[in-house]
Amino acid sequence: MNILFAASEAFPFIKTGGLGDVVHSLPVALGKLGDDVRLVLPAYRDVLAAVDSIKEVGYRDLPGIGVTHRVRILRAHQEELGDYLYLIDVPTLFDRPGNPYVHSDGFNWPDNAERFTVFSRAVAYLAKGVPGSHWIPDVVHCHDWQTGMVPAFISMTYPRPKTVFTIHNLAYDGHFSHDDFTSLALPPEWWSLNYVEFYGGFSMLKAGMIFSDHVTTVSPTYAREICTPEFGYRFEGVLNHLGDKLVGILNGIDLDIWNPMTDSHIFKNYGYQEKTAGKSWVKNKLINKINLLKNTGLADNESENSSASAKSMPLLGFIGRLVEQKGVDLIMAMLPRLFETTDVKMVILGSGHMHYETGLKALAEQYPTRLHFHIGYSEDLAHQIEAGCDMFIMPSRFEPCGLNQMYSLHYGTPPVVSFTGGLADTVTDATPMAVEDKTANGFVFYDLNADALLAAINRALELYRKPKQWQQVCETAMQQELGWEASAKKYQELYMQ
């Protein structure tokens, strides 16, 4: 089938989170299964700098707020997609530095409603067929609120491709004012509770849900959770009304990028396959740990045997946005008690709310030999944390799918997670029975508080002191099927419907 993917970000061009990873790896997986997949993104400044062989294939005059934009359709080259990357070029809307959604002070770009409405109009134009070619999509697959208006605009055309809309995180809904709605010259009949009106404004996320032929989200458990008031962000009524139109399909991970056997970011490659070849992956993983400790300043320089010291001392990792959703406050609350009662050390990589950044900096200064905190994002360090840590901490209050716990599983770094969303779908708690029957691959806690997180970590530390059982949990994790092939086939089935 011909599939047009529309999104606001994609690795390696521009990425702020898991959405960028999925929009990169799922099209590649579908391509391997025989679909003709093409991707369309806004022509941000950073994206234009990251591609080559740019060629204009068409243009369109589209309405914005008080102005008509000359929109250029560009085709660019990228190794895995070939010449099938399209960019919507509107310099006044997208030629800006840094983050695609917020400016340097952390606030949303004030014209986001216009930016992504114009982008959506341009994608709907592409849905009729790529200018200068005979390629017409059978399905347009849209991702998150930034593309929520695409199915709405496509619904106005006939004949039209089918549309799929994927919710990656319901907490971000693209909510704008009635003034924005009228200024953008949207059809007045859409201003209705049955369409895009939402609590006095209009929601691009709701538009995607209402106008698309199918709605997916990124794990089966999250699909059930968002139909409840606790996780629904006031959309639970809309979501329940969707019925069978809503389905949860678990994300996969890109095993070409996240694979300890081939990862160029880590110090020593390793993997479960070494065991089948009569070698020890444990020793090579330890080399990654030793180097991570050294590079983060957490190594015990006084130890005569750094290998023995590193092996005995557990190392924890966290990578993520420093926001309430990720349970960062739970980590901060329990860390002093953990440091005072154990010999654990921890590496944290992330950025976010100033409150959390300030608090973690203070903890790192208070415990300089126990905690390393890197503000921002580093692709090298992210891979090294997954490979070098013994456990990965992920106490999310909600997690639509989560990718880091899957990276951790594949790298033999058992995750400690809360029971929610994709975490519940991928991590099997190391209960005595699960350890005995070799199905355990991590540690799960159920009460969202610092005490429960600390108790789960202490359970993990207890098992860590039992090398044979710990190694079995790691190997179970590494053998888990986490790639995109199975999920890509489910998307193919959905497209065929």
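Read-outs throughout are calculated quantities, based only on the coordinates presented, and are distinct from any laboratory measurement. Predicted model, so just to flag it, every value in this text is computed and none were measured. When we count neighbours, we look across all protein chains shown, and the Cβ atoms used for this are built from the backbone with ideal geometry, even at glycine.
In the stretch 76-181, what trypsin sites (Lys or Arg not before Pro) fall in a loop by DSSP, with at most 14 other Cβ atoms inside 10 Å?
Sites meeting the loop and neighbour criteria: LYS128.
Considering only C-alpha atoms, what is the centroid distance from the stretch 184-203 to the stretch 93-114, in Å?
When both Cα centres are located, 23 Å separates them.
Any idea what angle helix 379-388 forms with the longest principal axis of the chain, computed on alpha-carbon atoms, 0 to 90 degrees, nearest 10?
40 degrees
Modelled label-to-label distance, ARG234 and GLU79, 7 Å Cα→beta-carbon offset: nm?
Roughly 4.6 nm, to one decimal.
Would you please put 220-231, 324-335 in order of how densely packed they are, using the mean number of other Cβ atoms within 10 angstrom per residue and starting with the highest?
Working: 220-231: 18.5, 324-335: 21.3.
Packing order, densest peptide first, comes out as 324-335, 220-231.
Sequence neighbours fewer than 8 away in the same chain don't count; with that in mind, list the lysines whose C-alpha is under 29 Å from LYS289.
Straight-distance partners of LYS289: LYS15, LYS268, LYS275, LYS279, LYS311, LYS326, LYS345, LYS361, LYS438, LYS466, LYS468.
Could you pull out every residue, at least 5 positions away or on a different chain, whose amide H is within less than 5 Å of the one on THR163? Hs are placed 1.01 Å off N in the peptide plane, and Pro or chain starts have none.
Those qualifying (amide H under 5 Å, at least 5 residues apart or on another chain) are VAL140, ASP213, HIS214.
To the nearest 0.05, what FRET efficiency results for ASP437 and THR342 with a Förster distance of 35 Å applied to their C-beta separation? If you can, show how the numbers build up before the last one.
On the way: r = 28 Å, r/R0 = 0.81.
Using R0 = 35 Å, I get an efficiency of 0.80.
For the stretch 29-66, run through the trypsin sites (Lys or Arg not before Pro) and keep only the ones in DSSP coil with at most 13 other Cβ atoms within 10 Å of their Cβ.
Numbers: sites: LYS32, ARG38, ARG45, LYS55, ARG60; in loops: none.
Loop-located and lightly packed - none at all.
If I model a spin label as a point 7 Å beyond the Cα along the Cα-Cβ vector, how far apart are those points for GLN366 and GLU324 in nm?
Taking the simple label geometry, GLN366 and GLU324 are separated by 2.2 nm.
Between ILE136 and PHE419, what's the calculated FRET efficiency when r is the beta-carbon distance and R0 is 51 Å? Round to 0.05. Intermediate values should be presented prior to the final figure.
Numbers: r = 44 Å, r/R0 = 0.87.
Plugging the Cβ-Cβ distance into 1/(1 + (r/R0)^6) gives 0.70.
May I ask for the angle, rounded to the nearest 10°, between helix 112-126 and the longest principal axis of the chain, with both axes built from Cα atoms and the value confined to 0 to 90°?
So the helix axis and the longest Cα principal axis differ by about 70 degrees.
Between GLU481 and MET354, what's the calculated FRET efficiency when r is the beta-carbon distance and R0 is 45 Å? Round to 0.05.
0.65
Please name which of LEU423, ALA29, THR157 has its Cα lying farthest along the dipole of the chain towards the positive end, using unit charges on Cβ (Lys, Arg +1; Asp, Glu -1) and the Cα centre as origin.
ALA29
For LYS283 and GLU189, compute 0.36 nm times the residue count separating them, minus their Cα-Cα distance, and round to one decimal in nm. Walk me through the numbers before you get to the answer.
Details: separation 94, 0.36 × 94 = 33.84 nm, distance 6.48 nm.
Extra length from LYS283 to GLU189 when fully extended: 27.4 nm.
Starting from the stretch 394-443, pick out the chymotrypsin sites (Phe, Trp or Tyr not before Pro) whose DSSP state is loop and whose Cβ has at most 16 other Cβ atoms within 10 Å.
PHE419
Starting from the Cα of THR262, move 7 Å in the Cα-to-Cβ direction to define the label point; list residues of the stretch 18-37 whose amide nitrogen is under 19 Å from there.
Only 21-34 fall inside the zone, counting backbone N under 19 Å.
Going by a ≥ b ≥ c, the root eigenvalues of the Cα gyration tensor, does the stretch 90-228 fall in the rounded group (a/c under 1.5), the prolate group (a/b larger than b/c) or the oblate group? Write out the running numbers ahead of the final one.
Details: a/c = 1.30, a/b = 1.06, b/c = 1.22.
Rounded, since a/c falls under 1.5.
Need one word for the stretch 345-497: rounded, prolate or oblate. Basis is the Cα gyration tensor (sqrt eigenvalues a ≥ b ≥ c); a/c below 1.5 gives rounded, then a/b vs b/c decides.
Judged from the Cα gyration tensor, the stretch 345-497 comes out oblate (a/c at least 1.5, b/c at or above a/b).
Over the chain, what is the relative contact order in percent, taking alpha-carbon pairs closer than 8 angstrom and at least six residues apart?
11 percent
Can you compute the label reach from GLN492? Point 7 Å from Cα along the Cβ direction, backbone N cut-off under 14 Å, restricted to the stretch 1-38.
1-3, 27-37
State to the nearest 20 debye the size of the charge dipole of the chain about its Cα centre, where the only charges are +1 on K and R beta carbons and -1 on D and E beta carbons.
With only Lys, Arg, Asp and Glu charged at Cβ, the dipole is about 560 debye.
Of all beta bridges DSSP finds with both residues in the chain, what is the antiparallel percent, to the nearest 5?
On the way: 21 of 66 bridges.
So the antiparallel bridges amount to about 30 percent of the total.
Taking only Cα atoms, what is the 0 to 90° angle, nearest 10, from helix 18-32's long axis to the longest principal axis of the chain?
Compared with the principal axis, the helix lies near 80 degrees.
Under a point spin-label approximation (7 Å from Cα along Cα-to-Cβ), what is the ASN295-ILE375 distance to one decimal in nm?
In this crude label model, ASN295 to ILE375 measures out at 2.2 nm.
Tell me, how many Å apart are the Cα centres for the stretch 1-54 and for the stretch 434-474?
Taking the Cα centre of each part, the stretch 1-54 and the stretch 434-474 sit 37 Å apart.
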